[in-house]
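The values are calculated or read from the model by the stated rules, or taken from the named source; none is laboratory data. Please read all numbers here as calculations on a predicted model, not as lab measurements. Every residue, glycine among them, receives a Cβ derived from its backbone with ideal geometry; neighbour counts consider all protein chains shown. Note: accessible area is taken over every heavy atom of the protein model, side chains too, but ligands, DNA and RNA are not part of it. Shrake-Rupley method; radii C 1.70, N 1.55, O 1.52, S 1.80 Å.
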Amino acid sequence: MNPPKTDARRHHDPEVRGFASDNYAGVHPEVLAALALANGGHQVAYGGDDYTDHLQRIVRSHFGATAEAFPVFNGTGANVVALQAVTDRWGAVICAESAHIHVDEGGAPERMGGLKLLTVPTPDGKLTPELIDRQAYGWEDEHRAMPQVVSITQSTELGTLYTPEEIRAICEHAHARGMKVHLDGSRIANAAASLDVPMRAFTNAVGVDILSLGGTKNGALFGEAVVVINHDAVRHMKHIRKMSMQLASKMRFVSVQLEALLAKDLWLRNARHANEMAQRLAEGVRAVHGGEILYPVQANGVFAKLPHEVSERLQRRFRVYFWGEAAGGVRWVCSFDTTEDDGDAFVAALEEEMARA
Ligand SMILES: Cc1ncc(COP(=O)(O)O)c(C=O)c1O
């Protein structure tokens, strides 16, 4: 039961939402209810519980009979654990220059995972076989970190999407060169919802070896999972997760959240809604004189270019993230709880600020 709005323990207005990030949103009520359900009594710690066991079955229904989930606390942890499991100490990861592992994880892959990242500039956050080849060389050269894995993000950090065929081509290209493929699926639900395909269509069905499966941005309190698809590609997952401080002792509470999202269609409902709100927001922004959208809006993120003073004034009314600040970029993200009224209010504010500029 929700406490009354006047409850002195509440330090925020639960009716106020913005477009800064899908991480600003709260927890979906069905996930909260699942957490309460998993409470009480004792359950085996460190993943030996019944909720984690159930989660395995659900993950297999999405990602194939051999898939195995390793729940973790957060997305950075999922990526750092997954990437370590598919590389040797001398290994390197090829990724887009805009990849979260490169720009937004505080150097964790390098410092915590000991991984060398080989980055490639991309026009839209997406790698291609040709772009991968800018870094895929020198396997015999001991002076170079050895490219062992290609990491892609779906949906990308720029709100764009790979088609299943594009990911298949990347997997074939990488595998032919002895490299594995990791997919950062922090927003995998948004991708599947937008492409209108099951998540397997662009993961296990096309050759992805290992996946960071997102939960938080899709409505969880916290919690993601590394999903191993190709067991031949990974080593020592359990040890790496523990050593990387991502082994939850009370794992049932991570697992039950992912179960709540993935067992039926909550993941899809949440993602579809967020995507629809992003489309609506983008339409509204396009209709504002001078509103320029930077990338195709294919998931739940909208990237736009605005005069700096407009972004700054807007920032005082709605929190937004500046993106490539020098170029005037801003990012808006929609969540499972974004409403049409939220979008309309934001577009109206943008219209006012543009008119003043
Ligand atoms: C594409 C992508 N990967 C990984 C993460 C990492 O998630 P976390 O902040 O939970 O570590 C994020 C978070 O914003 C993300 O956008």
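Here are some notes:
- Inspection of the range 189-200 finds no residue satisfying the criterion of being within 12 Å of the chain's Cα centre (by Cα), in a loop (DSSP other than H, G, I, E, B) and within 15 Å of the ligand (Cβ to nearest atom).
- Reported count of residues in the range 119-157, each being within 16 Å of the ligand (Cβ to nearest atom), polar (S, T, N, Q) and under 22 Å from P296 (Cα atoms), is 6.
- Residues that are within 11 Å of the ligand (Cβ to nearest atom), open to solvent by 10 Å² or more (accessible area, probe 1.4 Å) and either among the β-branched types (V, I, T) or not in a helix (DSSP H, G or I) (or both) within the range 81-104 comprise S98, V103, D104, listed in sequence order.
- Odd one out for V44, checked against (1) more than 30 Å from D344 (Cα to Cα); (2) within 16 Å of the ligand (Cβ to nearest atom): (2)
- Flag for V226 being touching a Pro at 6+ places or on another chain (Cβ under 9 Å), open to solvent by 10 Å² or more (accessible area, probe 1.4 Å) and either within 16 Å of the ligand (Cβ to nearest atom) or at pLDDT 95 or above (or both): no
- Residue ID - nearest to A278 (Cα to Cα), chosen from residues in the range 290-327 that are open to solvent by 70 Å² or more (accessible area, probe 1.4 Å) and in a helix (DSSP H, G or I): R317
- Taken over the range 105-139, the criterion of being over 21 Å from the mean Cα position of the chain (by Cα), over 23 Å from D232 (Cβ atoms) and part of a loop (DSSP other than H, G, I, E, B) is satisfied by D133, R134, Q135, Y137, G138.
- All positions within the range 328-341 that are open to solvent by less than 20 Å² (accessible area, probe 1.4 Å), out of contact with any His (no Cβ under 8 Å at 6 or more places or on another chain) and either of a type outside the set (A, V, I, L, M, F, W, C) or closer than 18 Å to A287 by Cα (or both): G329, V330, W332, S335
- One residue stands out in the range 60-80 among those that are open to solvent by 30 Å² or more (accessible area, probe 1.4 Å) and either touching a strand residue (DSSP E or B) at 6+ places or on another chain (Cβ under 7 Å) or not β-branched (V, I, T) (or both): the one that is farthest from the ligand (Cβ to nearest atom), namely A65.
- Some residue of the range 86-105 being at positive phi and free of Cβ contacts under 8 Å to residues at least 24 places away in the same chain: no
- Apart from one condition, S249 fits all of (1) of a type in the set (S, T, N, Q); (2) away from the ligand (no atom under 16 Å from the Cβ); (3) crowded, with 24+ Cβ neighbours inside 10 Å; the exception is (3).
- The set of residues from the range 201-219 being more than 10 Å from the ligand (Cβ to nearest atom) and either of a type in the set (D, E, K, R) or under 25 Å from Y51 (Cα atoms) (or both) comprises T203, N204, D209, I210, L211, L213, N218, G219.
- Residue within the range 215-231 that is among the polar types (S, T, N, Q) and in contact with a Phe, Trp or Tyr (Cβ under 9 Å, 6 or more places away or on another chain) present: yes
- Of all residues in the range 252-289 being of a type in the set (K, R) and either assigned to a helix (DSSP H, G or I) or at pLDDT below 95 (or both), the one that is farthest from the chain's Cα centre (by Cα): R286
- Within the range 1-38, being among the polar types (S, T, N, Q) and touching a residue at least 24 places away in the same chain (Cβ under 8 Å) holds for S21, N23.
- Qualifying residue in the range 141-154 (condition: surrounded by fewer than 21 Cβ atoms within 10 Å (Cβ to Cβ), over 20 Å from the mean Cα position of the chain (by Cα) and assigned to a helix (DSSP H, G or I)): no
- Any hit, the range 11-26, residues being closer than 21 Å to S249 by Cα and within 16 Å of the chain's Cα centre (by Cα): no
To keep it simple, each residue is scored yes or no on (1) farther than 29 Å from A299 by Cα; (2) part of a loop (DSSP other than H, G, I, E, B); (3) modelled with pLDDT under 95; (4) open to solvent by 30 Å² or more (accessible area, probe 1.4 Å).
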| residue | (1), (2), (3), (4) |
| --- | --- |
| T6 | yes, yes, yes, yes |
| E15 | no, yes, yes, yes |
| G26 | no, yes, no, yes |
| V31 | no, no, no, no |
| H42 | yes, yes, no, yes |
| D53 | yes, no, no, yes |
| R57 | no, no, no, yes |
